[in-house]
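Worksheet: the structure to be examined is printed underneath.
Derivation of every value follows stated rules applied to the coordinates shown; laboratory data play no part. Computed from a prediction, not measured in an experiment: that's the story for all the values here. Cβ: placed from backbone, ideal geometry, glycine included. Neighbour counts: every protein chain shown.
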Amino acid sequence: MNKVAKITLLFWLMKIVATTLGETLGDFISMTLNLGYLTGIGITLAFFGIVLSTQLLSKKYIPILYWLVIIGTTTLGTEISDFLDRSLHLGYAWGSFLLVFCLMITLVLWHKRYKGLEVYPIFEKSKEIYYWVAILFSNSLGTAFGDFLSDNIGLSYLHGAMVTGAIILIVVVLHYYTTINHIFLFWIAFIFTRPFGATFGDFLTKPHSKGGLELGTLNSSLVSIAILSILVVVANWENKKHTVGR
């Protein structure tokens, strides 16, 4: 049976909320709790490993489990990106380049084995592993690129979110009004929803002096969890309706 979410408007809404949560929760662990990026990687990697293992053992698509893995990739992606950029001092540009390279290698290997990069439906466990590795690298890349926009280029967090949001809208237009490969457009949109969520998360949490709303990482994370929980209930309802309909 299929193991992953169908690509719908609900999927994209949930992805954006999950990426915002990944940014604020990742910053809460590493910075607010002052645990550091390496410890943050250890904590989020353990969570990601547990939920991913459970997902891989599952025989069908379970919305709450699937989105827990997505949250795992976004929080771990935040810690990986920050560790590369700040602890290893690679900088946002080189950190982004390294993550682009890792993502491209994953997609090339995936395409070589399965002669395509279709993301729905997915049945085989080995193909699902490629799927989750690609998502992890894309979410890590999105964090690095979002930080690059704000710290290197000098955009405010709100302006960074507007730029990445505009790119996503362009991809949507290209999807509906051109014949450009839909899988290529999916991965472009998927990558850019991450910096959109990351910059929007920074906009919520950063102090007023840096152009943020200063809501704090904990409060912002709790709000994102509440919104995502509601959306998961909707996704679960739609999945049950679809299953019964068959």
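Using θ = phi - 60° and the Karplus relation 6.51 cos²θ - 1.76 cosθ + 1.60, list the HN-Hα couplings for the stretch 14-21 in order, rounded to whole Hz, with x at every Gly or Pro.
5, 4, 5, 5, 5, 6, 4, 4
So for Phe203, Phe196, Phe186, fewest C-beta neighbours within 10 Å to most, what's the order?
Ranking Phe203, Phe196, Phe186 by Cβ neighbours within 10 Å, fewest first, gives Phe186, Phe203, Phe196.
From Cα pairs below 8 angstrom and at least 6 apart in sequence, can you work out the relative contact order of the chain, rounded to a whole percent? Walk me through the numbers before you get to the answer.
Details: 341 pairs, mean separation 68.7, N = 246.
In percent, rounded to a whole number, it is 28.
Just to confirm the number: angle between the C-alpha axis of helix 91-114 and the first principal axis of the chain, 0 to 90 degrees, nearest 10?
Helix 91-114 sits roughly 10 degrees off the main axis of the chain.
About its Cα centre, how strong a charge dipole does the chain have in debye, to the nearest 20, once Lys and Arg get +1 and Asp and Glu get -1 at the Cβ?
Its charge dipole is roughly 1080 debye.
Which value in deg cm²/dmol, rounded to the nearest 500, describes the helix-derived mean residue ellipticity at 222 nm for the chain, given -39,500 (n - 2.57) per DSSP H run of n ≥ 4 and division by the residue count?
So the calculated ellipticity at 222 nm is -26000 deg cm²/dmol.
Can you put Arg86, Arg113, Arg194 in order of Cβ neighbours within 10 angstrom, beginning with the fewest? Mind showing how you got there, number by number?
Numbers: Arg86 16, Arg113 12, Arg194 32.
In order of increasing Cβ crowding within 10 Å: Arg113, Arg86, Arg194.
Rounded, prolate or oblate for the stretch 60-114? Axes are the square roots of the Cα gyration tensor eigenvalues, ordered a ≥ b ≥ c, and the cut-off for rounded is a/c under 1.5.
oblate
Assuming a ≥ b ≥ c are the square roots of the Cα gyration tensor eigenvalues, decide whether the stretch 74-150 counts as rounded (a/c under 1.5), prolate (otherwise, with a/b larger than b/c) or oblate.
Details: a/c = 2.81, a/b = 2.26, b/c = 1.25.
It comes out prolate by the Cα gyration axes.
Can you tell me the FRET efficiency between His111 and Glu214 if r is taken as the Cβ-Cβ distance and R0 is 41 Å, rounded to the nearest 0.05? Don't skip to the answer; put the middle values down first.
Values: r = 44 Å, r/R0 = 1.08.
Working from the Cβ atoms, E equals 0.40.
Which residue fluctuates the most in the chain, going by a Gaussian network model with Cα springs under 10 Å, if the choices are Ala144, Ala166, Ala198?
Of Ala144, Ala166, Ala198, the most mobile in the Gaussian network model is Ala166.
Between Lys59 and Ser87, what is the label-point separation in nm under the 7 Å Cα-to-beta-carbon projection?
With each label placed 7 Å out from Cα toward Cβ, I get 4.0 nm.
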